[in-house]
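Worksheet: one structure, shown below.
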Amino acid sequence: EAQQAFEGLVKGWCRDPGARIDLVDALTRVEALERPVDPAEIRGILDRMARQTREAGPRVEDRIRAINALLFDSLRFESLTQAQVRDEFYLSEVLRRRAGNCVGLSSLYWALGDLTELPLYGARAPGHYCLIAEPLGGRRIVEPTAKGGSPTEEEVFRQMGPVTRRQQDRNRYLRPLSRHTLVAEVLNSQAGRFAEQNRLAEALRNFDWA
């Protein structure tokens with residue numbers, strides 16, 4: 001049932017690639033491919049968190065500061081390395097453990113951004129995912145794994161370790177991406193878990209969807 005529901009979503013996105021994705025709905029549907037998850041509970045937690053940031057000023061920078069203060073100063077969410085990650089790319093686990101990898105923390109940050117009318121986009125770097133905001137006057141990288149900081153493109157690439165010139169092509173990386181790309185990252189992460197469990201048909205299905 002969960003597979004059929006998600007497959008219907010994928011077909012809908014293919015028919016209308018420009019349609020806006022309900023990020024929480026899509027991310028919880030991915031998790032439901034592996035185990036039960038309560039979207040209403042997750043939305044309730046996010047709503048309560050968002051209410052604590054809605055007094056922020058109207059500027060993009062004001063909203064970013066408010067989310068950063070809530071997540072990383074008040075609630076002390078932490079970044080995990082890939083070696084530490086079990087299932088903290090799922091939004092529910094990020095909320096439960098207050099920790100996540102780049103995909104999990106980006107999922108949380110983007111979901112809160114939606115609730116606080118903070119316009120965000122996805123962004124990829126080699127082996128990494130982060131976010132982009134576009135305040136007046138230019139583009140800003142938002143790095144959830146660095147407490148919502150704003151590194152330069154060069155700093156992001158350096159943190160990823162040695163990369164080839166081809167990988168560092170500015171036309172491929174750190175450019176604004178749609179919500180579909182974050183859902184694809186979660187699908188790929190889940191596929192890795194399925195492969196580890198020898199659930200190869202499900203892993204291949206996820207890779208195909210992504």
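The values are calculated or read from the model by the stated rules, or taken from the named source; none is laboratory data. Given the structure is predicted, the values throughout are model-derived calculations rather than measurements. Here Cβ is always computed from backbone atoms with ideal geometry, including for glycine, and neighbour counts include all displayed protein chains. Heavy atoms of the whole protein, side chains included, go into the accessibility calculation; ligands, DNA and RNA do not. Shrake-Rupley method; radii C 1.70, N 1.55, O 1.52, S 1.80 Å.
Check off (1) modelled with pLDDT under 90; (2) in contact with a Pro (Cβ under 8 Å, 6 or more places away or on another chain) for E143 and give me the number that stays unchecked.
Result: E143 passes all but (1).
Within segment 8-36, which residues are charged (D, E, K, R) and either closer than 16 Å to V94 by Cβ or touching a residue at least 60 places away in the same chain (Cβ under 8 Å) (or both)?
R20, E31, E34, R35
Need at least 1 residues that are at pLDDT 95 or above per element, so show me which helices (runs of 4 or more DSSP H) inside segment 1-67 make the cut, counting only ones lying wholly within it.
Helices (runs of 4 or more DSSP H) meeting the threshold: 23-32, 39-51.
How many residues, within segment 185-206, are in contact (Cβ under 8 Å) with a residue 60 or more places away in the chain, closer than 22 Å to H128 by Cα and open to solvent by 30 Å² or more (accessible area, probe 1.4 Å)?
Summing the residues that are in contact (Cβ under 8 Å) with a residue 60 or more places away in the chain, closer than 22 Å to H128 by Cα and open to solvent by 30 Å² or more (accessible area, probe 1.4 Å) in segment 185-206 gives 3.
Which of the residues belonging to segment 69-108 are more than 15 Å from the chain's Cα centre (by Cα) and either modelled with pLDDT of 95 or more or part of a helix (DSSP H, G or I) (or both)?
Result: A69, L70, F72, D73, S74, L75, R76, R96, R97.
Can you list residue pairs whose Cβ atoms sit under 9 Å apart, with the first residue in segment 137-155 being crowded, with 19+ Cβ neighbours inside 10 Å and the second being aromatic (F, W, Y) and assigned to a helix (DSSP H, G or I)? Count only pairs 6 or more apart in sequence or on different chains.
Once the first residue is crowded, with 19+ Cβ neighbours inside 10 Å and sits in segment 137-155, its partners that are aromatic (F, W, Y) and assigned to a helix (DSSP H, G or I) give V142/Y109; P144/F72; P144/Y109; P144/W110; G148/F72; G148/Y109.
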